[in-house]
Amino acid sequence: MPDDTPKDAATEMISDDLVAFADHLADTARDLALRCFRQQLEVEYKSDDTPVTTVDREIEQALRQQVADAYPAHSFIGEEFGPQDTESPWSWVVDPIDGTKSFITGKPTFGSLIALLHERTPVLGVIEIPALKERWVGNADRGTTCNHTTCRTSDTTMLADATLYATTPDMFSASEQKRFDHLSQATCFRVFGADCYAYGLLAAGHVDLVAEADMAPHDFLALVPVVEGAGGIITNWQGNPLDLHSSGQVLAAANTVLHEQALARLDPTAVL
């Protein structure tokens, strides 16, 4: 794949080989995660007080090496070991275990997130859920599949009928909590605790909205092609596209009609 590909042609350049390679990376992540899932784990705490295990690091190191072997010109950005930059406009962004707290407590909704970016914009995404053996692969042109079956977001267009997910209320600041509550009060009901699995459920039409905050790029970049490829929309809380330098607020919706209503409820000027 040439490194001088125009940005607007990037999604069209996602070849069968690249999709197969992303699948291979997800296979590796699944195998390594399941080897230690619900086993005794040594848990450390990083400077931000978030937990990390040797499995997080092992998965990232394995995927980093595989990308270096297959696409040596591509950059690689991982949660645990940071960026390995090249001059290529193409880069892989990996969260080896999204939902480490779920992983270490035996909850099966943790996942591995794999994104391919062109000029800082995500064009291919994988949500791998090892314990449930479910995998979403998405690209805006190719669409999104779950375990190789095409999936689509729901046709829910009214907030009153919509289901809303977030990983935890702890991820919101005081002002963000008020805005999230303002949104959730208008929905059918809200659910906490799904990690990245919520975005796969949204892509498959089971969940209508996901609103989160305090996210890092490795937490959300892989989600973008998956949600968009299934017919949904995913932005920040201001409605702007997500890229490598976006802030930590994320809003995913099944369609643009629902998304616009959710944005209006998240608007700080709308919160009393």
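For the reader, a short list of remarks on this structure follows.
- Residue-count net charge about LEU251 - beta-carbon cut-off 11 Å; Lys, Arg +1, Asp, Glu -1: 0
- Here the relative contact order of region 159-270, from alpha carbon pairs under 8 Å that lie six or more residues apart, stands at 28 percent.
- Placed amide H near VAL207: partners under 5 Å, 5+ positions off or other chain: LEU202
- Magnitude of the charge dipole, region 7-150, Cβ model with Lys/Arg +1 and Asp/Glu -1, debye to 20: 500 debye
- Taking amide H positions as modeled 1.01 Å from N, with prolines and chain starts lacking one, the residues under 5 Å from GLU134 and 5 or more places away or on another chain are ILE129.
- Farthest toward positive dipole pole in the chain [+1 Lys/Arg, -1 Asp/Glu at C-beta], among LEU164, ALA73, ILE129: LEU164
- Angle of helix 174-184 to the longest C-alpha principal axis of the chain, folded into 0 to 90 degrees and rounded to 10: 70°.
- 29 Å Cα cut-off, lysine pairs counted over the chain (separation 8 or more, or different chains): 8
- Prolate/oblate/rounded label for region 159-270 (Cα gyration tensor, a/c 1.5): rounded
- Signed unit charges on C-beta, dipole axis of the chain, positive-most listed residue ALA20, THR145, SER246: THR145
- Mean Cα-pair separation over length for region 54-191, i.e. relative contact order, pairs under 8 Å, 6 or more apart, %: 12 percent
- For THR168, nonlocal amide neighbours, meaning residues 5 or more places apart or on other chains whose placed amide H falls under 5 Å from its own, are GLY193.
- Of (i) 17.7, 54; (ii) 16.6, 52; (iii) 18.9, 55, the label for Rg and Dmax of the Cα atoms in Å derived from the coordinates: (i)
- When +1 charges are put on Lys and Arg Cβ atoms and -1 charges on Asp and Glu Cβ atoms, the dipole computed for region 159-270 relative to its Cα centre reaches about 180 debye.
- Computed magnitude of the charge dipole of the chain (debye, nearest 20; Cβ of K, R +1, Cβ of D, E -1): 840 debye
- Phi to ³J(HN,Hα) by Karplus 6.51 cos²θ - 1.76 cosθ + 1.60 over region 244-249, Hz, x for Gly, Pro: 5, 10, 6, 6, x, 8
- Using the Karplus relation 6.51 cos²θ - 1.76 cosθ + 1.60 with θ = phi - 60°, the per-residue 3J(HN,Hα) values for region 56-73 come to 3, 5, 5, 4, 4, 4, 5, 5, 4, 5, 5, 5, 4, 6, 8, 9, x, 7 Hz, with x marking Gly and Pro.
- Degrees between helix 16-36 axis and first principal axis of the chain (Cα, 0 to 90, nearest 10): 80 degrees
Only the coordinates and a few stated rules stand behind these numbers; no lab work does. All values derive from a computational prediction rather than experimental measurement. Note: ideal-geometry Cβ built from the backbone for every residue, glycine included; neighbour counts use all protein chains shown.
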